[in-house]
Amino acid sequence: MPTRKLLLARVQREDNMDYTRFLLSGSGGQGVITMGILLAETAVLKSGLNAIQSQSYGPEARGGATRCDVLISDQPIHYPKVQVANVLVCLTQESLNRYLQYMRPGGLLLTDSHYVKTAKRIDADHYSLPLYDSVMETFGKPQVFNICVLGALVQITNVVPFSALENILAERFAPRFQENNKKALELGISLAKQASTR
């Protein structure tokens, strides 16, 4: 199935800046913050782009609501927070309920089908993928869930090259994690390639 390639979405501003605004959300312990950091580092250190990453947590370190904002641009970025997201990732039902209001109409929504059930029609290119279930079937544990999500996200948006992301993963994780990280990344890519939007 064909997937939508966002690249750097055109946003109408006075300076006509091209940039993509990601709002990544879920619960503490799902690796949302790590996913945002890896995406921003890939953009800056390996892709020649500008990026800003910021984060916020719920009342608990694990299990509370987690939000990570990532702005990626080929121009200077002047404000560090996402007020309207081109791309919204929700890994829990609570995060969808809380952050859907921030998504630009006609934007891109990525959700995990295990945790998120959407009953109403959403004005977005919506990818509902079995990310968590596929990770559990493949690995038997959820530690690489966020890497799988990141693979799907990059496949859908094409915002940074896969080779650049693989380089960042190799640099940021110990050698013993490399094989599973690569498998999880490829799993996310495969799920995104097979998907169609709703």
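None of the figures in this text is laboratory data; all of them are computed from the coordinates on show. Bear in mind the structure is a predicted one, so any value in this text is a computation, not a measurement. With ideal geometry, Cβ positions are generated from the backbone for all residues, glycine too; neighbour counts draw on all protein chains shown.
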- request: Determine the equivalent ellipsoid of region 99-176 by diagonalising the alpha-carbon gyration tensor, then write out the semi-axes as square roots of 5 times the eigenvalues, largest first, rounded to whole Å.
  value: 26, 18, 9
Computed E for E179/Y79 - FRET, C-beta separation, R0 35 angstrom, nearest 0.05: 0.35
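Beyond 30 Å between alpha-carbons counts as too far, so tell me which of K46/K193; K120/K182; K81/K141; K46/K120; K117/K141 fall in that bin. Intermediate results must be reported in sequence, preceding the final value.
Numbers: K46/K193 24 Å; K120/K182 35 Å; K81/K141 33 Å; K46/K120 39 Å; K117/K141 22 Å.
In this structure, K120/K182; K81/K141; K46/K120 exceed 30 Å between Cα atoms.
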- request: Starting with the highest mean, order 138-144, 46-52 by the number of other Cβ atoms within 10 Å, averaged over the residues of each peptide.
  value: 46-52, 138-144
- prompt: If you put +1 on each Lys and Arg Cβ and -1 on each Asp and Glu Cβ, how big is the dipole of region 19-194 around its Cα centre, in Debye rounded to 20?
  reply: 220 debye
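Cβ neighbours within 10 Å, averaged per peptide: list 95-107, 167-179 in order, most packed at the top.
The packing order, highest mean first, is 95-107, 167-179.
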task: Taking only the C-alpha atoms, wrap a convex hull around region 19-194 and report its volume per residue in Å³ as a whole number.
output: 109 Å³
- request: Could you work out how far the C-alpha centroid of region 127-198 sits from that of region 74-95, in angstrom?
  value: 20 Å
